[in-house]
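Presented below is the structure to which this report refers.
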Amino acid sequence: MSFPAIAIDGPAASGKSTVAGRIAARLNYTFINTGAMYRAVAWRLLQTGVDPACVGGVEEALPALSLSFEKKGTVSAVVCEGRVLDEELRAPSVNAVVSMVAAVPAVRAFLVGKQREYNLREPVVMEGRDIGTAVFPDSRFKYFVTASEEVRAARRAAEGVVDSIAERDRQDASRAVSPLAKAPDALLVDTSDMTIDEVVDFIIRDIRSKL
Ligand code: CDP
Ligand code: CDP
């Protein structure tokens, strides 16, 4: 038996995590924020003094990196070296290097394996950049959530976070392996003029029509 995998992709600050978390709660599926996994790798590299720009050093550090998950309700949090990570993942130092780390093919292979493994056990709502294109290309539930650059920058600024989202999007869309892209069969949801509830209702309606 295979479980549904709801794929939600899109650029930075488009509202992916917010809507994915709510959709998961409504369907009682597990919400997995894959950006948090890439951020956890970046955070750990910085913590252990590995230069994120050195691909060889990053590859060497991967086997020793202990990453696991802890579920609270319908949300799966990342645990690294026994510590549940949250606020530290959104630090400006992590924002600055995460896209560089995510461009390393070995890092992607390491994390995509864990992401697919999760869906062997249960239905998931998974949010990221390559979920519909690379992690679950056969899913029937693919959504590309976006908003204008101005709206996204305003949303992130309203959170009081220092984050050069345009630069991260540029790096994410131009990397060689699994770049940020809309899968041809994903439904495009432009949320520039939509409330969170409207986006959630729209996607849930589409999922239910296909279940
Ligand atoms: O929340 P925000 O959209 O700002 O970023 P995120 O989802 O936490 O992702 C952080 C970074 O991880 C992205 O800018 C990508 O470089 C990387 N990422 C990725 O490459 N593939 C994914 N499936 C998810 C995130
Ligand atoms: O995960 P991603 O970086 O794509 O975005 P997010 O962290 O879920 O959302 C960024 C901010 O935009 C949050 O503060 C949301 O509450 C807000 N948001 C919004 O104002 N309107 C929406 N339709 C979706 C998100």
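The values are calculated or read from the model by the stated rules, or taken from the named source; none is laboratory data. Computed from a prediction, not measured in an experiment: that's the story for all the values here. Ideal geometry is used to build each Cβ from the backbone, glycine not excepted, and the neighbour counts take in all protein chains shown. Heavy atoms of the whole protein, side chains included, go into the accessibility calculation; ligands, DNA and RNA do not. Shrake-Rupley method; radii C 1.70, N 1.55, O 1.52, S 1.80 Å.
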**Complete:** Note on residue 115: of the conditions (1) of a type outside the set (D, E, K, R); (2) within 10 Å of ligand 1 (Cβ to nearest atom); (3) open to solvent by 30 Å² or more (accessible area, probe 1.4 Å), unmet is (3)
**Asked** Of 140, 121, 156, which residue is in contact (Cβ under 8 Å) with a residue 40 or more places away in the chain and within 10 Å of ligand 1 (Cβ to nearest atom)?
**Response** 156
**Positions within region 174-192 being surrounded by fewer than 15 Cβ atoms within 10 Å (Cβ to Cβ), closer than 29 Å to residue 206 by Cβ and either without any contact (Cβ under 8 Å) to a residue 40 or more places away in the chain or among the polar types (S, T, N, Q) (or both), in sequence order** = 184, 192
**Request:** Please tell me if residue 199 is surrounded by 16 or more Cβ atoms within 10 Å (Cβ to Cβ) and hydrophobic (A, V, I, L, M, F, W, C).
**Result:** yes
**Complete:** Pairing a residue in region 9-37 that is more than 8 Å from ligand 1 (Cβ to nearest atom) with any residue that is in a loop (DSSP other than H, G, I, E, B) and at pLDDT 95 or above, where Cβ atoms lie under 6 Å and the two sit 6 or more apart in sequence or on different chains, gives 15/191; 24/74; 25/74; 29/123; 30/74; 30/122; 31/74
**Item:** Of all residues making up region 22-46, the number that are within 12 Å of ligand 2 (Cβ to nearest atom) and open to solvent by 30 Å² or more (accessible area, probe 1.4 Å)
**Value:** 3
**Prompt:** Among 59, 122, 81, which is surrounded by fewer than 18 Cβ atoms within 10 Å (Cβ to Cβ), acidic (Asp, Glu) and modelled with pLDDT under 95?
**Reply:** 81
**Prompt:** Inside region 136-156, can you point out the residues that are in contact with a Gly (Cβ under 7 Å, 6 or more places away or on another chain) and β-branched (Val, Ile, Thr)?
**Reply:** 145, 146
**Fill in**
Scanning region 193-208 residue by residue, those in contact (Cβ under 8 Å) with a residue 12 or more places away in the chain and either more than 7 Å from ligand 2 (Cβ to nearest atom) or out of contact with any helix residue (DSSP H, G or I) (no Cβ under 8 Å at 6 or more places or on another chain) (or both) turn out to be 200, 202, 203, 204, 206, 207
**Asked** Among the numbered criteria (1) open to solvent by 40 Å² or more (accessible area, probe 1.4 Å); (2) at pLDDT 95 or above; (3) in contact with a helix residue (DSSP H, G or I) (Cβ under 8 Å, 6 or more places away or on another chain), which single criterion is violated by residue 70?
**Response** (3)
**Request:** Identify all residues within region 6-44 that are of a type in the set (A, V, I, L, M, F, W, C) and more than 18 Å from residue 189 (Cα to Cα); write none if there are none.
**Result:** 25, 27, 31, 32, 36, 37, 40, 41, 42, 43
**Request:** Identify, by number, the condition in (1) touching a Ser or Thr at 6+ places or on another chain (Cβ under 9 Å); (2) under 20 Å from residue 7 (Cβ atoms); (3) open to solvent by less than 50 Å² (accessible area, probe 1.4 Å); (4) of a type in the set (A, V, I, L, M, F, W, C) that residue 151 doesn't meet.
**Result:** (2)
**Asked** Hey, residue 3 hits all of (1) within 12 Å of ligand 1 (Cβ to nearest atom); (2) open to solvent by 20 Å² or more (accessible area, probe 1.4 Å) but one; which does it fall short on?
**Response** (1)
**Prompt:** within 12 Å of ligand 1 (Cβ to nearest atom) and more than 23 Å from residue 175 (Cβ to Cβ), is that true of residue 85?
**Reply:** yes
